[in-house]
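To start, the structure under review is shown below, and the notes come after it.
The values are calculated or read from the model by the stated rules, or taken from the named source; none is laboratory data. Just so we're clear, the structure is a prediction, and the values are computed from it rather than from any experiment. Positions of Cβ are generated from backbone atoms using ideal geometry, with glycine treated the same way; all protein chains shown enter the neighbour counts.
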Amino acid sequence: MATLVSHTTRELDIRHLWHGSLQHHGLEKNPPLEVVQAEGCYVYDSEGRRYLDAMAGLWCVNVGYGRREIVSAVADQMSRLPYYPLTQSHPPAAQLAAQLAELLPAGLQRVFFLNSGSEAVETALKMARQYARRAYPGQNRYKIIARHRAYHGFTMGALSATGQVSRKRAFEPLVPGFLHVAPPDHYRCAFCQKEPGCTLTCADEFERVIRLEGPDTVAALILEPTIGGGGVFHAPEGYLERVRQICDRHGVLLILDEVITGFGRTGKLFAFEHAGICPDILVLAKGITSGYLPLAATVSTDAIFDAFRSDTDDSAKFAQLSTFGGHPCSCAAGSANLEILTRERLWENAERVGAHLADRLCALASPRIGEVRGRGLLVGLEIIADSNRTPMPERQVVGLQRAIREAGVLVGRNSDTVPGFGNVLTIAPPLTLKKEEADAIVAAVGKSLQPQ
Ligand SMILES: Cc1ncc(COP(=O)(O)O)c(C=O)c1O
């Protein structure tokens, strides 16, 4: 106890905590921001400085900080039933599953709860493999096709689907059976540079690989409708529709990872709504509770769920359980969060204020901003070194990020993804953001880009 009282929490952190994706060498001189309080779109550090949190924590505090409704729902649940596993049942999980089902298309109604996006992706991959074996007896459909630059999580399966070499290299070899195709990258497109417009060749790449590998070996495709942490690459017009058709043609499942894009971030409740398609499996996390408590969900169609039912073969069931997945308090937080999100129709604010934010960022007309990629409140700024679109070196982009923080705004960066391309600043604030707050983000970015 003596150690605890005689040291600041910052010192205790440096001594004892092991942070993910952070180089601890030199951390004493440059410690991480110690956040102690938050309200609305703002967080406060231990020295009382206020920052506009333009990353909503880690792309997740969609309804903003300080929502008492969520706090009361969790406190109430905590005193009523603090824990029970979903090997049996409890009301908060059933209620939240039904709430989600109501927000989702009629075909997508079956909810499996987990604790994190990584686990939910892992679960989707396992469901897809087992489903393929049940739906196509005699075939060996186990391969999963994903995209370079995408992120799907830190567990071995989700990491195998991830297309970011910097996050994978130290842990290889990963899980066999994962393949990757090029992402849609309008700014540096290798396919359409000589074309008058987008030809969707990047979508057709999925089909090319399915044909080369043999459709009877492929279980599923997995993609984020917008690649988030990898550098904010939105699906071009017609892309998801094309991918859906390819999946249908070859009996391959379409898994959409909406861990970032779900719950209003792109200006629709779910990003697949922009394309008018429906996935076979949908992965949700982050905004499901707006980060107030850990929770994630893997949602499947009834057709997939039904393939796991059998009155003769018990091994047909999905043999996976999770101690904390669907925790009653997390589900209570999720229900209260969804009530706020739908009552305030926050995806509409995301669309409106997001469009304003993207316009204002474009109006900065900085030669250092190669492209502003905005959809709703999910924005990427491609930072370049020259007019040949050379990515600005990471060290300098980190400097920009720091300067923006000095100006009181927290933005993100696509760090540890692909060497040489860590040059995208990311903006994903709470969906409650006001236009004046969007202007404050733009002012901080603009200031950081001015020549010193
Ligand atoms: C698209 C996507 N999928 C999966 C994950 C993994 O989620 P978690 O960090 O909750 O495990 C993330 C995390 O940022 C993500 O952005």
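Below, the figures for the structure above:
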{"quantity": "Filter pass, residue 250 being more than 10 Å from the ligand (Cβ to nearest atom) and over 21 Å from residue 158 (Cα atoms)", "calculated": "yes"}
{"quantity": "Residue 281 away from the ligand (no atom under 16 Å from the Cβ), farther than 27 Å from residue 67 by Cα and hydrophobic (A, V, I, L, M, F, W, C)", "calculated": "no"}
{"quantity": "Hits in region 284-300 - residues which are assigned to a strand (DSSP E or B) and either touching a Leu at 6+ places or on another chain (Cβ under 6 Å) or within 14 Å of the ligand (Cβ to nearest atom) (or both)", "calculated": "284, 296, 297, 298, 299"}
{"quantity": "Pairs where the first residue, in region 327-356, is at pLDDT below 95 and the second is outside any helix (DSSP H, G or I), C-beta under 7 Å, 6+ apart", "calculated": "none"}
{"quantity": "Residue list for region 221-243, restricted to those being within 15 Å of the ligand (Cβ to nearest atom) and within 14 Å of residue 181 (Cβ to Cβ)", "calculated": "221, 222, 223, 224, 227, 230, 233, 235"}
{"quantity": "Spans of strands (runs of 3 or more DSSP E) in region 32-99 with at least 1 residues closer than 16 Å to residue 286 by Cα and among the charged types (D, E, K, R)", "calculated": "50-53"}
{"quantity": "Region 106-137, residues that are away from the ligand (no atom under 16 Å from the Cβ) and either of a type outside the set (Gly, Ala, Ser) or in contact with a Ser or Thr (Cβ under 7 Å, 6 or more places away or on another chain) (or both)", "calculated": "107, 108, 109, 110, 111, 129, 130, 131, 133, 134, 136, 137"}
{"quantity": "Residues (buried (at least 24 other Cβ atoms within 10 Å of the Cβ) and in a helix (DSSP H, G or I)) located in region 212-271", "calculated": "243, 271"}
